[in-house]
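The values are calculated or read from the model by the stated rules, or taken from the named source; none is laboratory data. Please read these numbers as outputs of a predicted model, since none were measured by experiment. Positions of Cβ are generated from backbone atoms using ideal geometry, with glycine treated the same way; all protein chains shown enter the neighbour counts. For the accessible areas, the whole protein counts, side chains as well, though only heavy atoms, and no ligand, DNA or RNA atoms are used. Shrake-Rupley method; radii C 1.70, N 1.55, O 1.52, S 1.80 Å.
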Amino acid sequence: MSEKVKIRLKVNGEDVTYEVDAHMSLMRALREHYVWDVKCGCEVGECGTCTVLLDGQAVKSCLTLAAACDGHEVWTNKGLGYRDPLTARLQEAFVECGSVQCGFCTPGMIVAGAAYLKHGGKADRAAIKNIISGNLCRCTGYVKIVDAIYLVAKEIEEGRLTA
Ligand code: FES
Ligand code: FES
């Protein structure tokens with residue numbers, strides 16, 4: 001039987017305590033505690049659909065040990081959408097630009113895009129392609145996903161939105 005450890009986290013602004021297996025990934029720990037907007041794709045770091053913000057940095061939560069996150073802060077696409085105007089705008093932009101088809105990649109794409117914009121990312125298509133290069137989409141062909149992140153980056157550059 002695997003060893004259990006207790007970890008304290010802030011998840012989407014709420015203090016939580018999880019009891020997790022010592023070897024469990026952050027993705028599994030979140031999903032076992034009903035944080036289902038963090039998707040489980042490959043579990044080996046290749047698809048990016050499990051991307052979350054960990055202390056403000058985009059990470060693949062399937063490659064992150066839950067036990068190592070004790071005392072840290074996690075935000076997911078859903079939580080950011082409720083609490084962070086920039087991410088809420090990016091979610092709208094994904095709809096406006098037709099960037100969502102099956103939607104499986106979408107939470108990870110939005111978290112990766114939000115992290116880019118929060119860290120001063122510019123309206124630069126090559127840079128945006130680079131930032132989502134670790135996120136796979138089976139449906140849209142990426143152009144519309146890049147369009148959505150570009151659109152919001154432009155709004156920030158034009159002073160219509162604060163990063
Ligand atoms: S589930 Fe984490 S990268 Fe695919
Ligand atoms: S919208 Fe289907 S995987 Fe991206």
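Counting only protein heavy atoms and using a 1.4 Å probe, the accessible area of Phe94 comes to about 0 Å². Residues Leu63, Leu161 ordered from highest to lowest accessible area at a 1.4 Å probe: Leu63, Leu161.
Per-residue SASA remark: Asp70, around 80 Å² accessible (1.4 Å probe; ligands, DNA and RNA not included). Solvent-accessible area per residue in the chain equals 51 Å², computed with a 1.4 angstrom probe and all protein chains kept. Of the solvent-accessible surface of region 80-124, computed with a 1.4 Å probe and all protein chains present, 54% belongs to carbon and sulfur. Sorting Leu65, Leu54 by accessible area puts them as Leu65, Leu54; the probe is 1.4 Å, largest comes first, and only protein heavy atoms count. Using only side-chain charges placed at the Cβ, +1 for Lys and Arg and -1 for Asp and Glu, the dipole size of the chain relative to its Cα centre rounds to 280 debye. Across region 4-78, Cα pairs under 8 Å and at least six residues apart give a relative contact order of 39 percent.
Classify region 4-78 as rounded, prolate or oblate from the Cα gyration tensor: take a ≥ b ≥ c as the square roots of its eigenvalues, call it rounded if a/c is under 1.5, otherwise prolate when a/b beats b/c and oblate if not. Oblate shape, in that a/c is at least 1.5 and b/c is the bigger or equal ratio.
Among Gln101, Gln91, Gln57, the largest mean-square fluctuation in a Gaussian network model of the chain (Cα springs under 10 Å) belongs to Gln101. Proximity of backbone amide H atoms, modeled 1.01 Å from N, is registered between Cys47 and Cys42 at under 5 Å, excluding neighbours fewer than 5 places apart on the same chain. Overall dimensions of region 83-157, expressed as equivalent-ellipsoid semi-axes from the Cα gyration tensor (√(5λ), whole Å, largest first), are 17, 13, 11.
Taking all protein chains as shown and a probe of 1.4 angstrom, Lys154 keeps an accessible surface of around 70 Å².
Anisotropy class assigned to the chain is prolate, per the alpha carbon gyration tensor with a/c at or over the 1.5 cut-off and a/b larger than b/c. Taking the chain as a Gaussian network of alpha-carbon nodes connected by springs under 10 Å, the highest mean-square fluctuation of the residues Asn130, Asn12, Asn77 belongs to Asn130.
Between Val16 and Asp55, what's the calculated FRET efficiency when r is the beta-carbon distance and R0 is 25 Å? Round to 0.05. Calculated value: 0.95.
The sum of -39500 (n - 2.57) across all DSSP H runs of n ≥ 4, divided by the residue count of the chain, sets its helix-only mean residue ellipticity at 222 nm to -11000 deg cm²/dmol.
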